[in-house]
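Input: a single structure, listed below in structure tokens.
The values are calculated or read from the model by the stated rules, or taken from the named source; none is laboratory data. The structure presented is a predicted model; accordingly, all values stated were derived computationally and were not measured. Cβ placement follows ideal geometry from the backbone for every residue including glycine, while neighbour counts extend to all protein chains displayed. Just the protein is used for accessible areas: all its heavy atoms, side chains included, with ligands, DNA and RNA removed. Shrake-Rupley method; radii C 1.70, N 1.55, O 1.52, S 1.80 Å.
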Amino acid sequence: MIIEPKVRGFICTTAHPTGCRVNVANQIAYAKVQQKKLSSHSAISPKKALIIGSSTGYGLATRISLAYTYQASTIGVMYEKEASGNRTATAGWYNTAAFESFAANDGLYAQTINGDAFSREIKDETIAKIKRDLGKVDMVIYSLAAPRRTMADGTVFSSVLKATTDTFVSKSLDLRHNTIEEASIPTATEEEIESTIKVMGGEDWAEWIDALVAADAIEGNAITVAYSYIGPELTYPIYKEGTIGHAKEHLHKTANLITKEYQQRGIHAYISVNKALVTQASAAIPVVPLYISLLYKVQKELGTHEGCIEQINRMFTEKLLIEKPDVDKNGYLRLDDYELDSKVQEQINATWDKVTTDNLKDLADIDGYWDDFYTMFGFKLSGVNYTEEVDTAMSIPSIS
Ligand code: NAI
């Protein structure tokens with residue numbers, strides 16, 4: 001079938017297997033170059049990693065970095081759909097099929113579990129695989145971005161993207177028409193805040209670590225990292241002070257709890273505060289796509305723009321896996337350092353008030369935003385012939 005992008009607002013309902021493969025190959029090429037640059041200052045080198053949320057965005061980049069910069073064996077957990085009938089598989093499915101095939105060719109162990117990471121069953125299945133194949137993991141990355149969480153008793157909690165103090169009225173990019181609109185983001189109820197914390201907070205991360213420790217499937221000196229975002233004041237009402245910010249605050253507290261609880265074993269939990277980037281998760285947050293396209297414009301001009309793979313590689317090679325991890329006063333790894341640079345933020349603030357539908361192309365990197373968006377689903381990659389028929393069915397060696 002000839003696959004074309006079908007974009008509905010902030011989501012694309014199709015994905016291209018060849019394009020996703022090229023996207024993964026490009027990230028692998030970057031990670032391999034970084035491997036050559038690794039020097040003796042990289043004190044720690046993870047060998048057996050578990051990545052929860054491994055198929056797209058930051059989690060995929062993490063898996064690629066660990067495998068190709070550090071030669072680590074990786075087990076990934078994801079929630080993706082394979083192709084059926086006229087429907088293509090999801091991008092994360094194709095990414096993972098490609099990653100596993102590259103890894104197999106390069107003699108790297110890579111296995112994936114597809115299912116709900118929040119569930120006990122998937123935790124048990126993952127742990128059984130770790131014990132069978134790797135014995136124990138020495139690194140656990142928590143990179144889930146989920147819309148909902150189903151509890152063992154069937155209760156479902158949903159993550160909502162709302163303000164928490166006042167209704168937030170702001171300029172926003174209408175992704176359906178590329179126009180600047182005024183978005184009004186309502187205030188969440190207490191229940192909605194709690195529900196978002198259940199989904200995107202740290203409870204499930206802690207449950208994973210507890211389960212791994214209980215099963216003796218994690219090394220004593222293991223490192224675990226969860227990804228977070230803070231952002232500039234401009235987006236505080238929707239992010240840092242919004243429902244998602246409350247969940248992230250819970251995640252941050254969980255890092256301290258995990259480190260404290262497993263201090264004797266030497267397990268250390270970190271928060272890595274990453275840069276805002278176009279991913280399936282961030283595209284869904286109101287106001288953020290406009291901010292990202294202004295950010296891209298400024299950072300590309302300054303030469304400080306990074307994508308997921310560059311961010312994650314820098315996290316490992318320059319912040320985390322060095323003699324003494326480079327953390328801020330709260331203990332966070334700050335990969336948002338370039339984003340929050342005052343020069344960058346001053347320029348964004350200056351353009352924020354001026355940006356309109358008419359000057360959007362000049363003031364914001366709207367093309368860069370959309371390029372990243374399409375790339376995520378395997379479209380618009382150079383070297384791919386999109387007029388060619390492709391087979392949508394693609395198996396993931398470790399799954400089917
Ligand atoms: P993403 O949407 O690209 O990736 C989410 C991953 O979670 C995918 O692998 C997906 O399969 C998996 N997943 C979702 N629900 C699942 C479930 N129930 N069970 C198993 N796997 C499931 O998202 P992105 O942006 O890479 O986000 C990852 C983390 O990074 C999140 O915590 C996010 O808040 C954080 N982050 C993202 C930033 C951004 O701008 N995109 C910035 C800073 C942090």
(message) Run the paramagnetic zone check for Lys361: 7 angstrom along Cα to Cβ, then residues of segment 295-312 with backbone nitrogen under 18 Å.
(response) 297
(message) Please report the accessible area of Glu121 (heavy atoms, 1.4 Å probe, ligands and nucleic acids excluded) in Å², nearest 10.
(response) 130
(message) Order Glu219, Glu389 by their accessible area, 1.4 angstrom probe, all chains in place, largest first.
(response) Glu389, Glu219
(request) Could you work out the local net charge near Ile399, counting Lys and Arg as +1, Asp and Glu as -1, over the other residues with Cβ closer than 10 Å to its Cβ? (result) -3
(message) How large is the accessible surface of Glu241 in square angstrom, using a 1.4 angstrom probe and rounding to the nearest 10?
(response) 80
(request) Divide by every residue of the chain the summed helix terms, -39500 (n - 2.57) for each DSSP H run of at least 4, and state the resulting mean residue ellipticity at 222 nm, rounded to the nearest 500 deg cm²/dmol. (result) -12000 deg cm²/dmol
(message) I want the antiparallel fraction of DSSP beta bridges within segment 114-232, as a percent rounded to 5.
(response) 60
(request) At 7 Å along the Cα-to-beta-carbon direction for both Thr259 and Asn330, put a label point, then send me their distance in nm to one decimal. (result) 1.3
(request) Any of Lys36/Lys343; Lys297/Lys354; Lys198/Lys275; Lys275/Lys329; Lys48/Lys131; Lys260/Lys329 with alpha carbons more than 21 Å apart? Name them for me. (result) Lys36/Lys343; Lys198/Lys275
(request) Pull out a ≥ b ≥ c, the square roots of the eigenvalues of the alpha-carbon gyration tensor of segment 229-293, then state rounded if a/c is under 1.5, prolate if not and a/b is larger than b/c, and oblate in the remaining case. (result) prolate
(request) Pull up all non-local amide H partners of Lys171: gap of 5 or more, or a different chain, and H-to-H distance under 5 Å with H placed in the peptide plane. (result) Ala183
(request) First select every other residue whose beta carbon is under 13 angstrom from the beta carbon of Pro237; then total the charges, Lys and Arg +1, Asp and Glu -1. (result) 0
(request) Determine which residues of segment 253-285 fall in the zone a paramagnetic label at Thr13 would reach in this model, i.e. backbone nitrogen under 12 Å from the point 7 Å along Cα→Cβ. (result) none
(request) Determine how large the accessible area of Ser159 is when every protein chain is in place; take a 1.4 Å probe and give Å² rounded to the nearest 10. (result) 30
(request) Would you mind computing, in nm to one decimal, how far apart the modelled labels at Lys36 and Ile2 are, each placed 7 Å from Cα along Cα→Cβ? (result) 3.9
(request) Within 10 Å, count the other beta carbons around each residue, average over each peptide in 76-84, 45-53, and list them highest first. (result) 45-53, 76-84
(message) Can you tell me what share of the DSSP beta bridges in the chain is antiparallel? A percent to the nearest 5 is fine.
(response) 30
(request) State to the nearest 20 debye the size of the charge dipole of segment 115-172 about its Cα centre, where the only charges are +1 on K and R beta carbons and -1 on D and E beta carbons. (result) 100
(message) If I take R0 = 30 Å and measure r between the Cβ atoms of Lys136 and Arg87 in this structure, what FRET efficiency does the formula 1/(1 + (r/R0)^6) give, to the nearest 0.05?
(response) 0.20
